[in-house]
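Colleague: Pasting a structure below so you can have a look.
The values are calculated or read from the model by the stated rules, or taken from the named source; none is laboratory data. All values reported here derive from a predicted model rather than from experimental measurement. Neighbour counts are summed over all protein chains in view; Cβ atoms, including those assigned to glycine, are modelled from backbone coordinates with ideal geometry.
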Amino acid sequence: MSTIYVLWLRQIKRYLRSKSRIVGALGQPILFLVALGFGFGPIFQKAGQGNYIQFLAPGIIAMSILFTSIFSGIEVVFDRQFGFLKETLVAPVSRFGIMFGRTLGGATVATFQGVVILLISLLIGFRPHLGGILLALIMMGLIAILFTALGTAIASRMTDMHGFQLIMNFLVMPLFFLSGAFFPLAGLPKVLSIIVKIDPLTYGVDGIRGALVGLSHFGLGMDFGLLAVMVLIILAVGSWLFSKIQI
């Protein structure tokens, strides 16, 4: 347990020491919120869908969590290249414990990033239901754990930072753009509807949106249940892959 705590704390300290990383992680979500929120707002309203900021903000919150959490996996590649990972792996603790500690640390950072975006969105006109804040935080935490574990699992099989970034960009952008962050899920073409339902981030976006503004396509129970199951599956697979790391 102490090793898990140390790894969790280490991830947070890394994040706090990197001022450029904090600012950089905020730039893109804010740009999407302002440019798309106000740019497409009138069109969205004319289509009879209401306030676009109310619809968009939960998706941007999920986006900031996705990007921060899944790219935390690059630290595994970094630690492997500079020998820090070897020091961790020789510790008298299971590799599941090591992987779990790193995942919790990255997920905490990603959830904090999502909270910051939530607070910023309030400044540009987002008005969430205060009663749903706690449930939204739970959904945000599940998204963060899921994608931090996924990023760590993929990174555990790679030795090159550039290769990791290429794979992550190829994976992250479709996950985000097909999650329903920008568009309603009702009335989609059949093929796109199937793809959207396969995307795990879809349920995170839908869950946060349902908790904060009361708009849920699948239902909060289904969103929470599927996210929880996927978290357990990815943690199990990630732990197995992490256990196979060769130093």
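Colleague: Out of the residues in the range 122-157 that are part of a helix (DSSP H, G or I) and hydroxyl-bearing (Ser, Thr, Tyr), which is modelled with the highest pLDDT?
Modeller: For the range 122-157, the residue satisfying everything is THR148.
Colleague: So is ILE208 hydrophobic (A, V, I, L, M, F, W, C) and in contact (Cβ under 8 Å) with a residue 24 or more places away in the chain or not?
Modeller: yes
Colleague: Which of the numbered conditions does SER64 fail, given that it passes all the others? Conditions: (1) touching a Ser or Thr at 6+ places or on another chain (Cβ under 8 Å); (2) within 27 Å of PRO29 (Cα to Cα); (3) modelled with pLDDT of 75 or more.
Modeller: In the conditions (1) touching a Ser or Thr at 6+ places or on another chain (Cβ under 8 Å); (2) within 27 Å of PRO29 (Cα to Cα); (3) modelled with pLDDT of 75 or more, SER64 misses (1) alone.
Colleague: Restrict the check to the range 72-81 and report whether at least one residue is crowded, with 18+ Cβ neighbours inside 10 Å, modelled with pLDDT under 70, among the basic types (Lys, Arg) and under 29 Å from PHE242 (Cα atoms).
Modeller: For the range 72-81, residues crowded, with 18+ Cβ neighbours inside 10 Å, modelled with pLDDT under 70, among the basic types (Lys, Arg) and under 29 Å from PHE242 (Cα atoms): present.
Colleague: Additional query: Would you tally the residues in the range 195-230 being hydrophobic (A, V, I, L, M, F, W, C) and either under 16 Å from MET63 (Cα atoms) or in contact with a Phe, Trp or Tyr (Cβ under 9 Å, 6 or more places away or on another chain) (or both)?
Modeller: Residues meeting the conditions: 13.
Colleague: If you don't mind, there's one more thing I want to ask. If you take the residues of the range 132-191 that are more than 27 Å from GLY97 (Cα to Cα) and either in contact with a strand residue (DSSP E or B) (Cβ under 8 Å, 6 or more places away or on another chain) or of a type in the set (Val, Ile, Thr) (or both), which of them is surrounded by the most Cβ atoms within 10 Å (Cβ to Cβ)?
Modeller: ILE133
Colleague: Please pick out the residue among SER193, SER216 that is of a type in the set (S, T, N, Q) and in contact with a helix residue (DSSP H, G or I) (Cβ under 9 Å, 6 or more places away or on another chain).
Modeller: Going through SER193, SER216 in turn, just one is of a type in the set (S, T, N, Q) and in contact with a helix residue (DSSP H, G or I) (Cβ under 9 Å, 6 or more places away or on another chain): SER216.
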